[in-house]
Amino acid sequence: MTQSVVVQVGQCGNQVGCRFWDLALREHAAVNKKGIYDEALSSFFRNVDTRSGNNGPDIYKGKICSLKARALLIDMEEGVVNEILQGPLKDVFDSKQLITDVSGSGNNWAVGHKIYGCQYRENIVEKLRKTAEHCDCLQCFFIIHSMGGGTGSGLGTFVLNLLEEEFPEVYRFVTSVYPSGEDDVITSPYNSVLAMKELNEHADCVLPIENESLLEIVNKIHQMINSGKLGSTVKQNSLVTSSAGSAKTLQEKPFDAMNNIVANLLLNLTSSARFEGSLNMDLNEISMNLVPFPRLHYLVSSLTPLYTLADVNVPSRRLDQMFSDAFSRDHQLIQADPKHSLYLACALLVRGNVQVSDLRRNIERLKPSLHFVSWNQEGWKTGLCSVPPVGHSHSLLALANNTCVKPTFIELKDRFMKLYKKKAHLHHYLQIDGMEQSCFSEAVSSLSDLIEEYNELDATKCGPRIDPSRLKIAI
Amino acid sequence: MSIVTVQLGQCGNQIGQEVFSALCSDIRGTHGLCSKKENGSYQDSCKERFFCEEESAVPVARAVLVDMEPKVISQTLSMAARSGHWKYSSHSHFCQKQGSGNNWANGYSVHGPRHKEAIMNLVQKEAEKCDRLGGFFTIMSMAGGTGSGLGAFVTQCLRDAFPTSFILNHVVWPYGTGEVIVQNYNSVLTLSHLYHSSDALLVHENDVIHKICAQLMNIKQISFRDVNQVIAHQLGSVFQPTHTAGGGSGYSRNPLGELMESLVPHPEFRMLGLRNIPQMPESSLPYSTFSWPGLIKHLRQMLIANAQMEEGIDWQVRPPSSIPSTNKPLHFNTSIANLVILRGKDVHGVDLGSFQDPSLYTSWLNPQDAFNAWKTPRAFNKYEKSAALVSNSQFLLKPLDSIVGKAWNMFASKAYLHQYAKFGIQEEDFLDCFTTLEQVISSYTNL
């Protein structure tokens, strides 16, 4: 069994991260009835003997003593991290896992990447090494951050670089929250494009998320609950937006519901690596199957179902509805419509009481309405994990390597160019040591190249399908 | 003679466990329908072949379990132990932590060499426990990374370490519409490598077994467990003891050797397909009657029409000699060699002449040599009568061609190649494998 380490950077990264740890504990508590520290738990948690204080040794087997998250919390302001440390999760982290500063990055990628990067490099490397040492077999780093600000974006991508240098064999999965068009941070296009270059070059897989999509999902759920359309009550803990403690609704912060969706994404992504099933799908398999060319590693994700009704036995129809929903526009975590674009590859990770025949039936059913690239007509990667998420009898995570990410990138580039042409706010960046105009031109060029790769693939979509001729054997 | 089974990867281990389970439940069943002496002889022979008595209370499977991540092996071991009727030895498994990531190159070039010694030590220990080693039976899928890549490497190691032993590879072919996106690459790499070190490849296709589960077994929500149990039943129908033609009164002592001798006369032709009838839900068995002439007729037509199961057989297809035109009829499945295995009541009087019809075969061998039959009056797994066919024919030609075609298509676009290059498998290596398989396809096409 392998371990993964979560590196949460910046305000957004830490808030999402906090939700992740909360829901991870809830999931394991639901599955692990005996309180024994098992391999599934060990993938994200250490078991520490804290009877003599927080510096106790790790316990590898036996009863759970004190679970510590395999995480690194990084923020250049103290507010968010302090709040986490005073909240219900305070015992899950210890001071050795934190790197904080006081003044923040001023929404400036260059401050995060160049100044703080340089300043905290050694500290970060040392803490990463410590975390890695506690792992028997470290498989993956999960970075959670936003693209539009300064810390998550700048320092976050600095850490990404560091991880590639210091731990080249370990996978780097990045969950990136992209800014929306009406983002109130004026320089978010600069920060995002500068960060994109780093993601292009150093990440193994990127899961882009857009707040608009998360908000739409949250609203949809509220509507359904309040409209009374649902015949029976909805199971509260099954909402993809719910937090672990059911009495928390009053004290929930506005972004909590949205962040819970992202947390659930990560839990589902790693479920088949942690729990058993008839067709396992490990993280290295996700990277292997969904990344046909090194730079095309952006995966559009969708989670279904969004909630469960309390009194339901699962008839086949509802199961099939789950599969259909996974491909609909309003379940995607970015503003994109994969059905009308070109699939390079698609992964379906099913959890719960679902068998291979259900999978096959639904793939056959949905295939005709989807466009796959000519060299990957049957490009499906499937996984079956027996353990469902809390509150559900079954669930589905769909990951698509699809050209529908292109519009997101094109818009980002457009917003960037709008500012860049007028050189607006550029001086805030260029005055930072190590930043030059070329950083900007290289970054936008990298983004343009990426967009062009997607364009070329899209161009093949409508053309006639000519299969290359096979090798001829002389008899 | 004993057979050592090597279970590789998730599929290999899951199927392996069902196979031993089926073998054990068959010998424990009282539905032998034959004399007590016969039954006793059968049970002893099966136990010698597949199980080791040791000092333990239950028979211990002669198997080595290999996987690059721990979850499946630990499940497999515990399921076997829970049955209470057999188990795996606690010292016969090897696993690592991280898995092969569906990457053939990772399984073959990294895990293989790294763990060769440990794995071969386990195999050696199992082989030494056998009074007489009859050969190796490996179980793997070719779609993933461990069964396929590490499996190909281990097969090579087996060949090097035991140059005179028989090696039969049981290979599971994945669903056509994808379980793994790079399955066609992994398949091409696996098959071409196995062709060089294995004696024969016995193939099961998930699509075919799935249809059997749906249409013959009437299973509504088919799980991998269901699929694996059908596969285990079919394998049991081949490997449980039988009397071979010249074998005298006892049960055959060299099943793998005899299999190879009957079915693989030429090294270019190693792909064996398997059919087994009848196949039905256990609940229907008491209400069904079987006749040998009926079973033989169906099995023969399944052979020549390349039917995947007993339903939907195309009775229009006929062998060439009965059609006036000189062209080879379409859809006719030409055989190189066939082996029919009959189990159950009144087996000795069965007329198998229709399988010796020369028009079924290529002209190289005498029909008497091209066809062999093994029999036992001892019924298998509650079926009063059952017939299995192991065939070296054009059964697998179309699926093989389809897999190579899809892999080539992907290869031409260079997709995913960087993932293999990372572990040392370059474009030239792929080209060699394609060439090998195109050659095999061409050979089978021109039968």
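Each reported figure results from applying straightforward, stated rules to the coordinates on display, with no laboratory input. What you are looking at is a predicted structure, and each value in this text was computed from that prediction instead of being measured. Quick reminder, even Gly has a Cβ in these numbers, built from the backbone with ideal geometry, and neighbours come from all protein chains shown.
Of note:
- Computed from point charges on the beta carbon alone (+1 for Lys and Arg, -1 for Asp and Glu), the dipole magnitude for the range A:302-405 about its Cα centre is near 140 Debye.
- Rounded Å value of the spacing that divides the Cα centres of the range B:117-168 and the range A:357-374: 37 Å
- Exposed GluC sites (Glu not before Pro) absent - longest run of chain A, DSSP non-H/G/I/E/B, at most 13 other C-beta within 10 Å: A:183-435
- Residues B:Y108, A:Y37, A:Y343, ranked from the fewest to the most other C-beta atoms within 10 Å, line up as A:Y37, A:Y343, B:Y108.
- Residues whose amide H lies under 5 Å from that of B:W86, counting only those 5 or more places away or on a different chain, are absent; hydrogens are built 1.01 Å from N in the peptide plane.
- Per residue, the convex hull around the alpha carbon atoms of chain A comes to 175 Å³.
- In chain A, the DSSP-assigned H stretches of four residues or longer account for a calculated mean residue ellipticity at 222 nm of -12500 deg cm²/dmol, using -39500 (n - 2.57) per stretch and the full residue count as denominator.
- Long-range amide H partners of B:S141 with built H, under 5 Å: B:C11, B:G12, B:G147, B:S148, B:V172
- Panel order for A:I217, A:I432, by other beta carbons found within 10 Å of each beta carbon, from fewest to most: A:I432, A:I217.
- At the listed q of 0.10, 0.11, 0.15 Å⁻¹, the Debye profile of the range A:332-475, built from one uniform point per Cα, gives log10 I(q)/I(0) equal to -0.58, -0.66, -0.91.
- Cα extents for the range B:197-277 along the principal axes, largest to smallest and rounded to whole angstrom: 44, 33, 18.
- Projecting the Cα atoms of A:L25, B:H210, A:S445 onto the charge dipole of the protein assembly as shown, computed from C-beta unit charges around the Cα centre, puts B:H210 farthest toward the positive end.
- Helix-derived mean residue ellipticity, 222 nm - over chain B, DSSP H n ≥ 4, -39500 (n - 2.57), to 500: -13000 deg cm²/dmol
- With neighbour counts taken as other beta-carbon atoms within 10 Å, the residues B:R49, B:R82, A:R19 rank, fewest first, as B:R82, B:R49, A:R19.
- Principal axis extents of the C-alpha atoms in the range B:255-401 (largest first, rounded to whole Å): 46, 35, 31.
- For the peptide B:216-223, the mean number of other protein chain Cβ atoms found within 10 angstrom of a residue's Cβ is 4.
- Amide H to amide H distances under 5 Å link B:V64 with B:T5, B:V6, B:Q7, where only residues 5 or more positions off or on other chains count and H is placed in the peptide plane.
- Between A:A459 and A:K130, the simple spin-label model (points 7 angstrom out along Cα→Cβ) gives 5.3 nm.
- Restricting the range A:66-169 to chymotrypsin sites (Phe, Trp or Tyr not before Pro) that sit in a DSSP loop and have at most 14 other Cβ atoms within 10 Å of their own Cβ leaves nothing.
- Take every Cα pair under 8 Å whose residues are at least 6 apart in sequence, average their separation, divide by the length of chain A, and the relative contact order is 16 percent.
- Between A:R51 and B:Q124, the FRET efficiency from the beta-carbon distance, with R0 = 45 Å, is close to 0.45.
- The phi-based Karplus calculation (6.51 cos²θ - 1.76 cosθ + 1.60; θ = phi - 60°) puts the 3J(HN,Hα) values of the range B:14-23 at 5, 5, x, 4, 5, 5, 4, 4, 5, 4 Hz, whole numbers, x for Gly and Pro.
- In units of the compact-protein estimate 2.2 N^0.38 Å, the range B:400-447 shows a Cα radius of gyration of 1.25.
- Ratio of the Cα radius of gyration of chain B to 2.2 N^0.38 Å, where N counts its residues: 0.94
- Calculated diffusion of the range A:302-405, Stokes-Einstein form, Kirkwood radius summed over Cα pairs, 20 °C and 1.002 mPa s, µm²/s: 153 µm²/s
- Lysines with Cα under 29 Å of B:K36, excluding same-chain neighbours fewer than 8 positions away: B:K47, B:K87, B:K129, B:K345, B:K375, B:K382, B:K385
- Exposed loop sites are taken as GluC sites (Glu not before Pro) in a DSSP loop (any state but H, G, I, E or B) with at most 15 other beta carbon atoms within 10 Å; the longest stretch of chain B without one runs B:56-267.
- Cα shape, the range A:407-460, gyration tensor, a/c 1.5 rule: prolate
- Karplus (6.51, -1.76, 1.60) ³J(HN,Hα), θ = phi - 60°, over the range A:333-341, in Hz, Gly and Pro reported as x: 8, 10, 6, 8, 10, x, 4, 9, 10
- Of all beta bridges that DSSP places with both ends in chain B, some 35 percent have antiparallel geometry.
- Residues in the range A:66-80 carry Karplus couplings, in order, of 9, 8, 10, 6, 7, 9, 10, 9, 10, 7, 8, 10, 9, x, 5 Hz; the curve used is 6.51 cos²θ - 1.76 cosθ + 1.60 with θ = phi - 60°, and Gly or Pro positions show x.
- Derived value for the protein assembly as shown: Kirkwood hydrodynamic radius 29.7 Å. Basis is the mean of 1/r over every pair of different alpha-carbon atoms.
- Loop-located trypsin sites (Lys or Arg not before Pro) in the range B:374-447 whose Cβ has at most 16 other Cβ within 10 Å (DSSP): B:K382, B:K414, B:K422
- Lysines with Cα under 19 Å of A:K422, excluding same-chain neighbours fewer than 8 positions away: A:K413
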